[in-house]
1. Confirm whether ALA269 is crowded, with 16+ Cβ neighbours inside 10 Å, assigned by TED's automatic domain parsing to the domain that holds LEU69, under 30 Å from THR338 (Cα atoms) and at pLDDT 80 or above.
2. Would a scan of region 456-464 turn up a residue that is touching a residue at least 12 places away in the same chain (Cβ under 8 Å), among the hydroxyl-bearing types (Ser, Thr, Tyr) and over 17 Å from ALA386 (Cα atoms)?
3. Could we say that ILE438 is in the same structural domain as PRO348 (by TED's automatic domain parsing), touching a helix residue (DSSP H, G or I) at 6+ places or on another chain (Cβ under 9 Å) and of a type in the set (A, V, I, L, M, F, W, C) here?
4. Taking strands (runs of 3 or more DSSP E) that fall entirely within region 353-471, which contain at least 2 residues that are surrounded by fewer than 17 Cβ atoms within 10 Å (Cβ to Cβ)?
5. Checking THR461 against (1) of a type in the set (Ser, Thr, Tyr); (2) under 14 Å from TRP345 (Cα atoms); (3) modelled with pLDDT under 95, which test does it fail?
6. I'd like to know if region 243-257 contains one or more residues that are small (Gly, Ala, Ser), exposed (fewer than 15 other Cβ atoms within 10 Å of the Cβ) and under 24 Å from the mean Cα position of the chain (by Cα).
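The values are calculated or read from the model by the stated rules, or taken from the named source; none is laboratory data. The structure displayed is predicted, hence computed values, not measured ones. Positions of Cβ are backbone-derived with ideal geometry, glycine not excepted, and every protein chain shown enters the neighbour counts.
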Amino acid sequence: MRRLFRRSMVIVLAMTLLGGSFSAYGKTTTRRIDDSIDWVSLQVGRVPIISESDLQEDLEEAKRRREELASQKKKVEKETKELQSNFDKIDKYLQEIDEKQSLMMLEVEAIESELARLNSELAVTNAELEAATVRADKQYENMKRRFQYLYEHGNMTELEILLGSRSISDILNYDEFAGDIRAYDYQLTQSYYEAKHQVNLVKEKLEMQIGMLEDSRALYDAEFEYVETLIAKKTEALAEYERQIGVNEEVLEDYSDLLAKADADVAAAKKKIEEEEERKRREAAKKAAEEAKKRAEEAARLAALGRKQTQAERDKKYANVPHTGVSSADSIQLKNVTDPAKMIWPLPGDSYTGSGFGPRRAPTKGASTFHKGVDIGGKMGAPIVAALAGTVRFSGYSSGGGGYLVEIDHGNGFMTRYLHCSKLLVSTGDKVLQGQKIALVGSTGISTGPHLHFSVLIDGTNVDPLLYVRY
């Protein structure tokens, strides 16, 4: 029975996942059960890496299936909780009935004990009544015989009494004696019958008490019968709840297994997407590095030829670089973006660029003749923001000429540097978001005045920052 119920629950699960109806499942649905259960893994296994949209679609579908499984499990958990609640209520009720039955048994035992006592008293009373009856009847018979004797031998005339008496005292004594005998007999008979009456009253009282107790015992017997029937029904219901709870627990185990499988498949789908994104990031970084290297080589070649790039050549060189400058650091929305193609301008509100990337004449003693970045702005204390999200690799003073600087690692070999700062707002090891304030413009280190020296490095090689970002 339990196996059949579990099979039915799995059928319901499969139909739910397939968009079917509970009341309409049949042979076709049964054939689809195993495919429905293994859907997630089949989805991940059958799809090769084709495109990001395909992988994302598979991931969303796997998530949807997982949510449906979780929803079905939640319903069964709720039902199981309700079953357990009903089970606990009945179990508690049975305990109360058991306690009540125990009290009833004690009361019945008290009634039986009282009945035994009263019956014992009744037996004694019956014996006393019988003895009193015998005494009263015997006295009554004796009194009748004496009365008969007096009647039969007491027909002496007053003359005979006078003639037979020796004195007036004899006459008076005879009359008094006869009256005393009659009065004594009457009183004795009355006392015996009165005693018999009193004993009879006690008997009637005992019989009434016994009758009341027997009626009470009969009521208890009827209540016992009702309670026993009720206990039997409640025990049967309790067993049914326990069976249903057991079945639901097995179904929940099945759901847990399915959810674990779905979680694993969703994780696998996410991993494929992450691997594809990582592959694309590396390809983009590699391509950007190659392009930057080519441009750097071209710039070096042109510098070697002894001429500068024309404005038209510079415009052509940076034609595809997005403009990302904003007027204020406070207006920037902080994001967890590390894609170099989405870099933002590091000095909000200041579009001025001085010395560019590449060969140059040293502007001051100690400065390099090959500029490894681009100089931006010139306002002391202006806020500098992170061009991309990442981890602060270094925040401190550099004796190499950069003064106070911040270096941020954005992953995949891509880093940015911010030199000559007047104040540092982050520390080594901090996680920063794109657009977060990290320092203030200054003129520390080898510098001719307040500005931001902004550098971009790919796998340790400096490239032209303007190939990635423009104001």
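1. Working: crowded, with 16+ Cβ neighbours inside 10 Å: yes; assigned by TED's automatic domain parsing to the domain that holds LEU69: yes; under 30 Å from THR338 (Cα atoms): yes; at pLDDT 80 or above: yes.
Answer is yes for this residue.
2. So the first thing to find is which residues in region 456-464 are touching a residue at least 12 places away in the same chain (Cβ under 8 Å), and the list is 456-464.
Among the residues that remain, those that are also among the hydroxyl-bearing types (Ser, Thr, Tyr) are: 461.
If we keep only those that are over 17 Å from ALA386 (Cα atoms) too, we end up with 461.
Scanning region 456-464, I find at least one residue that is touching a residue at least 12 places away in the same chain (Cβ under 8 Å), among the hydroxyl-bearing types (Ser, Thr, Tyr) and over 17 Å from ALA386 (Cα atoms), so the answer is yes.
3. Working: in the same structural domain as PRO348 (by TED's automatic domain parsing): yes; touching a helix residue (DSSP H, G or I) at 6+ places or on another chain (Cβ under 9 Å): no; of a type in the set (A, V, I, L, M, F, W, C): yes.
It is false that ILE438 is in the same structural domain as PRO348 (by TED's automatic domain parsing), touching a helix residue (DSSP H, G or I) at 6+ places or on another chain (Cβ under 9 Å) and of a type in the set (A, V, I, L, M, F, W, C).
4. Numbers: elements: 374-376, 383-385, 390-398, 403-409, 414-421, 437-440, 452-458, 461-463.
By residue number, 390-398.
5. (2)
6. Residues of region 243-257 small (Gly, Ala, Ser): 246, 256.
After this cut, where a residue has to be exposed (fewer than 15 other Cβ atoms within 10 Å of the Cβ) as well, the list is 246, 256.
Restricting the remaining residues to those that are under 24 Å from the mean Cα position of the chain (by Cα) gives 246, 256.
Yes, that holds for at least one residue.
Okay, residues lined up against (1) hydroxyl-bearing (Ser, Thr, Tyr); (2) modelled with pLDDT of 85 or more; (3) within 20 Å of THR416 (Cα to Cα):
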| site | (1), (2), (3) |
| --- | --- |
| SER256 | yes, yes, no |
| ALA264 | no, yes, no |
| LEU305 | no, no, no |
| ASP315 | no, no, no |
| LYS342 | no, yes, yes |
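The rows are residues; the columns are (1) in contact (Cβ under 8 Å) with a residue 24 or more places away in the chain; (2) over 20 Å from ASP98 (Cβ atoms); (3) part of a helix (DSSP H, G or I); (4) of a type in the set (Ser, Thr, Tyr).
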| residue | (1), (2), (3), (4) |
| --- | --- |
| LEU201 | no, yes, yes, no |
| ASP215 | no, yes, yes, no |
| ALA232 | no, no, yes, no |
| GLU242 | yes, no, yes, no |
| GLU253 | no, yes, yes, no |
